[in-house]
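Since the structure comes first, as structure tokens, the remarks are kept for the end.
Where a number appears in this text, it was derived from the coordinates with a stated rule and is not lab data. Fair warning: this is a prediction, and the values are worked out from it, not measured in the lab. A quick note on method: Cβ atoms are made from the backbone with ideal geometry, for glycine too, and the neighbour counts reach across all protein chains shown.
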Amino acid sequence: MNSSLLSLLVLAGIAIFLILRLRSVLGTRDGFEKPQVRTAPEPSSPRRDFEVIEGGPDEDITDHVDNDSDAAKALAAMKMAEPGFSVREFLQGARGAYEMILMAFENGDVDTLRDFLAPDVLETFETVIDQRADQGLRIEAEFVGIRELALQNATFDRNTGEAEITVRFVGELTSVVRNSDDEIIEGDASEIKRQRDVWTFARTMGEDNPNWLLVATDV
């Protein structure tokens, strides 16, 4: 075999090798094939580095009034005006205020009443206390506890910030009325009686003074 033929065989072998190699990489195409169009990858959803908090009813409010009631809206407005306001804490304070005011009234303790009553309510309480004193009557009372306590209504004036909350109480106590001779003319010291009261407390939200005043009473 001469050198020319040998060179041709070597070139042919190299050509065959290249064709087979291209087929393995590109594949085989039959007929017309649309050119492939490379599309940009779909943008991934932005990563959220914060926790999504689901909105919902405020249980501090809905535990005491209906969610869609006017009272619920008033309480929510109070919280917006004063973020630290809590209905639960208010009712706990109202529980203590009820006992303190009721017993101060029964005992004729006007000085204590001044810190908790609006001026017109204080005037009414003082009138009754003075009438008892003029008649020589004295009340001995002992507070037993609160059997029922419920938030009955709430209103809020956005213009003035004035908030009012009405609470219904059912208290239990013992009491007797003594005359000037120290004789019991009414009541029984061993008998527990229930007293129903509907009291309205008021306060201007956002002010430094946290005290609520008793502004109205009913039964």
Evaluated at 37 °C with a viscosity of 0.692 mPa s, what Stokes-Einstein diffusion coefficient in µm²/s does segment 89-219 have when Rh comes from the Kirkwood expression over alpha-carbon pairs?
207 µm²/s
Applying 1/(1 + (r/R0)^6) with R0 = 25 Å to the Cβ-Cβ distance of ILE185 and ASP134, what FRET efficiency is obtained, to the nearest 0.05?
0.95
What order do you get for 161-173, 123-135 when each peptide is scored by the mean count of other beta carbon atoms within 10 Å, highest first?
161-173, 123-135
Extension gain from VAL110 to GLU123, taking 0.36 nm per residue of separation minus the Cα-Cα distance
3.7 nm
